[in-house]
Amino acid sequence: GIADAVMDFAVQLSSLVGLPLDHVGTAAAGFRVEWFLIKRTHRLGELVPRRVEQPYRPYAGGLVLQPKPGLHENIAVLDFKSMYPNIMIAYNLSPDTYVPPKEAEPPGGVYVAPEVKHRFRKKPPGFYKEILSYLIGVRDEIRVKMKSLQPKSAEYRVFDARQKAVKVITNASYGYAGWTGARWYMKPVAEAAAAWGRDAIQAAIEMAEKDGLKVVYGDTDSIFIENKPDKVEKLSNDIGRKLGLEVKPD
């Protein structure tokens, strides 16, 4: 029964990242991401760096609001679609695009992260941007194909397991950059992604309150607000237009 429930996903995850089936289930998320990156390096002309032991260096993570006490009904959840991967793509966050503090600004300009002030080259596209753009594109293609299939068919099951595997690796990439065991470790990448994420959530909260929507809670990549359908739809569109991030109301 357990095998029936997990086997499709396990096989697709194994196929995606290149770890054997008996390893992929027990491997830490960081190792899954790392082996996928290693698989993609030769196509991008990227060398695989040595693993260097790093001291643990914490950094501020996503914004989590103190929840409003009480029982809340009729609540809308605005969930940012692939928030951190999209931030990393939008601002070209990658170990190879990071501009150290003492280095001059490159001719193409830089993106500067809020709060932490880390700088990243605007061009050319970094290693992470190439990888994440590929993963998001693959998942979108799979989901389009799934629409033409019967939900109970074998093909649908395989595609569904595949898109879930792609989603898991895509969303784990942000944390990987700040994991001290990573070959491609670069604390400023993870720190900057978290800072831009906090900035986006804070901006969305301010926009919601300006539209007269009470904010009940917020957690990393979503906010919980009063469900006034017309205002929620307007807010979702405003967030997409002003912040360049797609939100899905639930």
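The values are calculated or read from the model by the stated rules, or taken from the named source; none is laboratory data. Computed from a predicted structure; not experimentally measured. Here Cβ is always computed from backbone atoms with ideal geometry, including for glycine, and neighbour counts include all displayed protein chains. Ligands, DNA and RNA are excluded from the accessible area calculation, which covers all protein heavy atoms including side chains. Shrake-Rupley method; radii C 1.70, N 1.55, O 1.52, S 1.80 Å.
A few points about this structure:
- Based on DSSP H segments of at least four residues, each scored -39500 (n - 2.57), the chain has a per-residue ellipticity at 222 nm of -17000 deg cm²/dmol.
- The range 144-250 shape via C-alpha gyration tensor axes, a/c threshold 1.5: oblate
- The phi-based Karplus calculation (6.51 cos²θ - 1.76 cosθ + 1.60; θ = phi - 60°) puts the 3J(HN,Hα) values of the range 211-220 at 7, x, 9, 6, 9, 8, 6, x, 8, 6 Hz, whole numbers, x for Gly and Pro.
- Taking all protein chains as they are arranged and a probe of 1.4 Å, the heavy atoms of D211 leave approximately 40 Å² accessible to solvent.
- Just so you know, the Cα atoms of the range 68-207 work out to an Rg and Dmax of 18.2, 58 Å.
- The peptide list 142-151, 117-126, 158-167, put in order of mean Cβ contacts within 10 Å with the highest first, becomes 158-167, 117-126, 142-151.
- Counting only protein heavy atoms and using a 1.4 Å probe, the accessible area of E130 comes to about 90 Å².
- Cross-link pairs exceeding 27 Å between alpha carbons, from the set K187/K234; K81/K117; K102/K242; K102/K187; K102/K123: K187/K234; K102/K242.
- A probe of 1.4 angstrom, applied to the heavy atoms of all protein chains, finds H23 with accessible area near 90 square angstrom.
- Kyte-Doolittle mean at least -0.5 and Cα axial length at least 30 Å: DSSP H helices in the chain: 154-177, 187-210
- Look at the alpha carbon pairs under 8 Å that are at least 6 residues apart: their mean separation over the length of the range 109-233 gives a relative contact order of 18 percent.
- Cα-based shape type of the chain, given that a ≥ b ≥ c are square roots of the gyration tensor eigenvalues and the cut on a/c is 1.5: oblate
- For the range 199-250: rounded, prolate or oblate by the Cα gyration tensor [a/c cutoff 1.5]: rounded
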